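K.L.:
Shown below is the structure under consideration.
The values are calculated or read from the model by the stated rules, or taken from the named source; none is laboratory data. Please read all numbers here as calculations on a predicted model, not as lab measurements. Virtual Cβ from ideal backbone geometry, glycine too; neighbours counted across all protein chains shown. Only protein heavy atoms, including side chains, enter the accessible area calculation; ligands, DNA and RNA are left aside. Shrake-Rupley method; radii C 1.70, N 1.55, O 1.52, S 1.80 Å.
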Amino acid sequence: MKNFNQLIILTGPSGVGKGTIIEKIIKKDKRFWVSISATTRKPREGEVEGENYYFLSNSQFEEMIKNDLLIEWAKFADNYYGTLLKPVIEKINKGFKVILEIEVDGAEQIRKKFPDALSIFLMPPSKNELEKRIRNRGTENEESIIKRLERASFEIDSSKKFDHVITNLDVDETVKTILEVISL
Ligand code: 5GP
C-alpha cells in the first residue's frame, strides 16, 4: 500500500466522467486542488482560459517542453496536453492533495518521476456505455469521437498498471470510493 497520497493521478478514457467526479471531490473537500493543464486543443463552448485549461498554440506548447516547464506531456487525439510543474509543486508544498486528471502516457511519466503518487483508473461500465456518454456530451465531432474511442481500448488495457481501478457506475458512489481510497 502507498503511504503518500498527496499527488493523485486520475486517468480514464474520454467520456468516463473524470471531470464531473473531480468537481464533486473539490466541492466536498477543500484540501484537494486540481491541476490546470496546458493544451493545444481548441476551447469547447463554455470552457474558460485558466479555469479548464491554458489554451496554447503548438509553438507555445513546444516552447514549454523545451524549457522544461512541464512535469509530463502527451499527444492525445492530435493535440498536446501537459501538466505545469511550478503550480503543482507549490500546491504540494502548501499541503494540498493535488489531483492530475491526465491520460495514460502522462500517468506513466508521473509514476516514474513520483513513484509514491497514488494512481486511480476510472473505468466505464462498458464500451457501449462509454460511446453513449461521449456522444451525449455533444462536445466532439465524429472524427474526434472515433479517435477517442480507439484510444479508449488502449487505455483500458493499461489500467492494470494503476493502484486502483474503479468502475464509474454512479457518480456519488464513485466519489465516495475515491475519497476512501485516497485516505487509506
Ligand atoms: P479533453 O480534450 O477531453 O479535455 O482531454 C483529452 C484527454 O487528455 C483526457 O483523457 C484528459 O484526461 C487528458 N489530459 C488532460 N490534461 C492532460 C495533461 O495535462 N496531461 C496528459 N497527459 N493528459 C491530459
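K.L.:
Do the conditions hold for Ile178, that is, is it closer than 19 Å to Pro125 by Cα and either in contact with a Gly (Cβ under 8 Å, 6 or more places away or on another chain) or not in a helix (DSSP H, G or I) (or both)?
P.N.:
Considered against the rule, which asks whether it is closer than 19 Å to Pro125 by Cα and either in contact with a Gly (Cβ under 8 Å, 6 or more places away or on another chain) or not in a helix (DSSP H, G or I) (or both), Ile178 comes out as no.
K.L.:
Moving to a separate point now. Scan segment 51-99 for residues that are within 12 Å of the ligand (Cβ to nearest atom), open to solvent by less than 70 Å² (accessible area, probe 1.4 Å) and in a strand (DSSP E or B) and report the count.
P.N.:
Residues that pass the stated criteria total 14.
K.L.:
I would also like to ask the following. Right, Ile26: part of a strand (DSSP E or B), closer than 19 Å to Gly95 by Cβ and out of contact with any Asp or Glu (no Cβ under 6 Å at 6 or more places or on another chain) or not?
P.N.:
Criteria not met by Ile26.
K.L.:
Still on this model: Given the residues Glu150, Glu108, which is the only one that is among the charged types (D, E, K, R), within 20 Å of Ala74 (Cβ to Cβ), assigned to a helix (DSSP H, G or I) and modelled with pLDDT under 95?
P.N.:
On inspection, the qualifying residue turns out to be Glu150.
K.L.:
Further question: What's the number of the only condition in (1) more than 10 Å from the ligand (Cβ to nearest atom); (2) at negative phi; (3) crowded, with 16+ Cβ neighbours inside 10 Å that Lys18 fails to meet?
P.N.:
(1)
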